[in-house]
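S.K.: Dropping the structure in here first, questions after.
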Amino acid sequence: MFPSARLYFQDTAFAGPLAPLPVNIFEFDCSFTLIDGGLTNANFAGLNKLNWALMDGNAYNSSVPTALASLPELEYLYLSDSFIVGDLSYMQGMTKIVQHWIDVNPGLGGTIPTFIGTLGTLESWSVTQTGLNGPIPSELGNLNNLAQLWLYGNNLSGTIPSQLAQPPSLALLQLEGNSLVGAMPTEICQKRAFPGILETLGVDCSEVSVSGVVLAE
């Protein structure tokens with residue numbers, strides 16, 4: 001049995017497709033290299049120790065492998081600015097995910113799946129400046145550990161669900177730059193008042209005044 005290992009080669013000129021990864025790694029960083037492929041199920045299958053993967057700033061031109069959802073120890077996943085396409089279906093089954101950021105990927109589209117609300121370990125989720133569309137599911141309110149939610153710069157539509165006020169630890173909520181309509185729910189605005197912990201609140205709805213909190217474009 002090989003001991004657990006870290007594999008870092010960030011900010012290098014390594015190029016070409018990503019090669020199969022050693023099965024004993026628990027941390028992996030290939031961010032901001034010249035990798036342009038290899039984001040496949042085969043390259044991530046069996047990485048049962050992988051806990052942290054930083055893969056930002058490459059040009060995979062690929063969807064996210066569904067094999068990542070089967071990794072039993074994966075808690076931290078970063079794939080921003082990486083020419084990701086497809087949708088968020090790959091997240092189904094991520095039973096331990098704590099932090100997942102996948103920003104600045106215009107080719108990533110589809111709607112936000114309602115199953116995201118079952119990923120109870122999720123604390124920090126950022127999907128900004130992508131092609132996400134459709135409504136914000138009320139099921140996101142079931143994420144009891146959620147502390148940070150960034151969804152700005154997408155094509156989301158409809159109203160803001162009041163259920164987003166339910167996560168007791170939510171301290172940041174940013175929804176600007178979408179096609180949302182209506183007012184910010186009172187339940188969310190109330191979390192801004194003492195002793196609420198919602199420190200950062202952003203949205204692009206029409207100007208409203210609720211409980212003394214003024215929000216504007």
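Every residue, every condition in (1) open to solvent by less than 40 Å² (accessible area, probe 1.4 Å); (2) farther than 22 Å from residue 140 by Cβ; (3) touching an Asp or Glu at 6+ places or on another chain (Cβ under 7 Å); (4) not in a loop (DSSP other than H, G, I, E, B), yes or no:
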position: 3; (1), (2), (3), (4): no, yes, no, no
position: 32; (1), (2), (3), (4): no, yes, yes, no
position: 67; (1), (2), (3), (4): yes, yes, no, yes
position: 74; (1), (2), (3), (4): yes, no, no, no
position: 97; (1), (2), (3), (4): yes, no, yes, no
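S.K.: Further, regarding this structure: Being assigned to a loop (DSSP other than H, G, I, E, B), open to solvent by 60 Å² or more (accessible area, probe 1.4 Å) and modelled with pLDDT of 85 or more is the filter here, so list the residues in the range 177-196 that pass it.
M.R.: Answer for the range 177-196, where residues must be assigned to a loop (DSSP other than H, G, I, E, B), open to solvent by 60 Å² or more (accessible area, probe 1.4 Å) and modelled with pLDDT of 85 or more: just 181.
S.K.: Taking the range 87-128 only, how many residues are modelled with pLDDT under 95 and on the phi > 0 side of the Ramachandran plot?
M.R.: Residues in the range 87-128 being modelled with pLDDT under 95 and on the phi > 0 side of the Ramachandran plot: 0 in total.
S.K.: Can you name the strands (runs of 3 or more DSSP E) wholly within the range 101-170 that have at least 1 residues being in contact with a His (Cβ under 9 Å, 6 or more places away or on another chain) and surrounded by fewer than 18 Cβ atoms within 10 Å (Cβ to Cβ)?
M.R.: Values: elements: 105-110, 124-126, 130-134, 148-150, 155-158.
Where strands (runs of 3 or more DSSP E) fall fully within the range 101-170 and carry at least 1 residues being in contact with a His (Cβ under 9 Å, 6 or more places away or on another chain) and surrounded by fewer than 18 Cβ atoms within 10 Å (Cβ to Cβ), they are 124-126.
S.K.: Could we say that residue 199 is charged (D, E, K, R), modelled with pLDDT under 95 and surrounded by fewer than 18 Cβ atoms within 10 Å (Cβ to Cβ) here?
M.R.: yes
S.K.: Please go through the range 46-58 and give me each residue that is part of a loop (DSSP other than H, G, I, E, B) and out of contact with any Leu (no Cβ under 8 Å at 6 or more places or on another chain), ordered by number.
M.R.: If the condition is that a residue be part of a loop (DSSP other than H, G, I, E, B) and out of contact with any Leu (no Cβ under 8 Å at 6 or more places or on another chain), then 46, 49, 57 are the ones that fit.
S.K.: Return the residues of the range 10-30 that are surrounded by fewer than 16 Cβ atoms within 10 Å (Cβ to Cβ) and within 15 Å of residue 78 (Cβ to Cβ); say none if nothing qualifies.
M.R.: Selection gives 10, 11.
S.K.: Something else: Among the residues that make up the range 35-47, is at least one of them out of contact with any strand residue (DSSP E or B) (no Cβ under 8 Å at 6 or more places or on another chain), crowded, with 18+ Cβ neighbours inside 10 Å and within 18 Å of residue 97 (Cβ to Cβ)?
M.R.: yes
The values are calculated or read from the model by the stated rules, or taken from the named source; none is laboratory data. Since this is a predicted model, take the numbers as computed values, not measurements. Here the Cβ is made from the backbone with ideal geometry for all residues, glycine too, and neighbour counts use every protein chain on show. For accessibility, only protein heavy atoms count, side chains too; no ligands or nucleic acids. Shrake-Rupley method; radii C 1.70, N 1.55, O 1.52, S 1.80 Å.
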